[in-house]
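Please read the structure below before turning to the comments.
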Amino acid sequence: MQITFIRHPQTEWNILNLLQGSKEGPISAQGQHDAIALVEGFREDFDILFSANNSRCLYLANLFFIRFDKQIIIDDRLNERSFGIYEGKNTSEIASEVGWKKLTPIERISRKPNGGESMQDVVNKMSSFLSDVLKNPCFTNKKLVCISSGGAIKAAMYGMRCISIEKLFEIKIRNLQKLTFQSDRNGVWKLIKE
């Protein structure tokens, strides 16, 4: 099985450095332009299209649907982490308020903001999604495109054992970045294309 994860287009909140999480920020004009260009230039063959259940991901999924006539399967497990009380706040203010840099990766992965989810919760959701698609005979030897958010994609990469816990908090997934992974018969994942 092959899965290509694509992060959603740029939003107005991305420009302002506001933490979106489960909240909705409108797609920016640049994000709309870049998403259309990505879909028009998309040459990879794929069989199935999944999307997170939020407007920024569904915007891109609908462009894929229009261009490639692929049904969109919406799965809430692909949703970005809920950051609870921190959603809508500036990311640098949150970082200094919470003191993220002082925490170890183990402390960071389990830290749950009031009203939100921990990164471990997101890793568990993404691992459940990956396990289900691997077990489903309908997806055997298929190529999937999954549109999601940066944090959820990193959580999937950690759950796939493609990155370390330290990298989980270091790497950045750019808007519309594509990452393709291949799974062998034993469910071992490998990044094959960035």
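The values are calculated or read from the model by the stated rules, or taken from the named source; none is laboratory data. All values reported here derive from a predicted model rather than from experimental measurement. Every residue, glycine as well, gets a Cβ built from its backbone with ideal geometry; the counts of neighbours run over all protein chains shown. Note: areas computed on protein heavy atoms with side chains; ligands, DNA, RNA excluded. Shrake-Rupley method; radii C 1.70, N 1.55, O 1.52, S 1.80 Å.
Flag: ARG43 matches the condition of being of a type in the set (Lys, Arg) and open to solvent by 60 Å² or more (accessible area, probe 1.4 Å).
Of the residues that make up segment 180-194, is at least one over 12 Å from the mean Cα position of the chain (by Cα), among the small types (Gly, Ala, Ser) and either closer than 28 Å to GLN30 by Cα or buried (at least 16 other Cβ atoms within 10 Å of the Cβ) (or both)? Step through it out loud before you land on a result.
In the first step, residues of segment 180-194 are kept if they are over 12 Å from the mean Cα position of the chain (by Cα); the result is 180-194.
Next, from what is left, pick out any that are among the small types (Gly, Ala, Ser): 183, 187.
Imposing the further condition that a residue be either closer than 28 Å to GLN30 by Cα or buried (at least 16 other Cβ atoms within 10 Å of the Cβ) (or both) reduces the set to 183.
Checking segment 180-194: at least one residue is over 12 Å from the mean Cα position of the chain (by Cα), among the small types (Gly, Ala, Ser) and either closer than 28 Å to GLN30 by Cα or buried (at least 16 other Cβ atoms within 10 Å of the Cβ) (or both).
Check segment 170-178 and report whether any residue there is over 14 Å from the mean Cα position of the chain (by Cα) and within 26 Å of ILE15 (Cα to Cα).
There is at least one residue in segment 170-178 that is over 14 Å from the mean Cα position of the chain (by Cα) and within 26 Å of ILE15 (Cα to Cα).
Which one of these is surrounded by 19 or more Cβ atoms within 10 Å (Cβ to Cβ), of a type in the set (A, V, I, L, M), within 17 Å of LYS172 (Cβ to Cβ) and touching a residue at least 40 places away in the same chain (Cβ under 8 Å): LEU78, LEU60, LEU19? Every option except LEU19 fails the conditions.
Check GLY88, GLY115 and return the single one that is open to solvent by 40 Å² or more (accessible area, probe 1.4 Å), farther than 26 Å from LYS190 by Cα and either part of a loop (DSSP other than H, G, I, E, B) or small (Gly, Ala, Ser) (or both).
Residue meeting the stated conditions: GLY115.
Only one entry in ARG56, ARG67 is in contact with a Gly (Cβ under 9 Å, 6 or more places away or on another chain) and either acidic (Asp, Glu) or at pLDDT 95 or above (or both), namely ARG56. Looking only at residues of segment 82-136 that are charged (D, E, K, R) and farther than 28 Å from GLU12 by Cβ, we find that the one that is modelled with the lowest pLDDT is LYS102. Do we have any residue at all in segment 46-57 that's surrounded by fewer than 16 Cβ atoms within 10 Å (Cβ to Cβ), free of Cβ contacts under 8 Å to residues at least 60 places away in the same chain and of a type in the set (S, T, N, Q)? Yes, segment 46-57 contains at least one residue that is surrounded by fewer than 16 Cβ atoms within 10 Å (Cβ to Cβ), free of Cβ contacts under 8 Å to residues at least 60 places away in the same chain and of a type in the set (S, T, N, Q). Across segment 93-101, a minimum of one residue is classified as over 28 Å from ASP47 (Cα atoms), among the β-branched types (Val, Ile, Thr) and part of a helix (DSSP H, G or I). Checked against (1) touching a helix residue (DSSP H, G or I) at 6+ places or on another chain (Cβ under 9 Å); (2) surrounded by fewer than 21 Cβ atoms within 10 Å (Cβ to Cβ); (3) assigned to a helix (DSSP H, G or I), GLU107 passes all but a single condition, namely (1). When every residue of segment 171-179 is checked against the conditions, at least one turns out to be without any contact (Cβ under 8 Å) to a residue 60 or more places away in the chain, over 21 Å from ARG43 (Cβ atoms) and open to solvent by 20 Å² or more (accessible area, probe 1.4 Å).
The condition of being on the phi > 0 side of the Ramachandran plot and not charged (D, E, K, R) holds for only one of GLY88, GLY151, GLY159, GLY116, that being GLY88.
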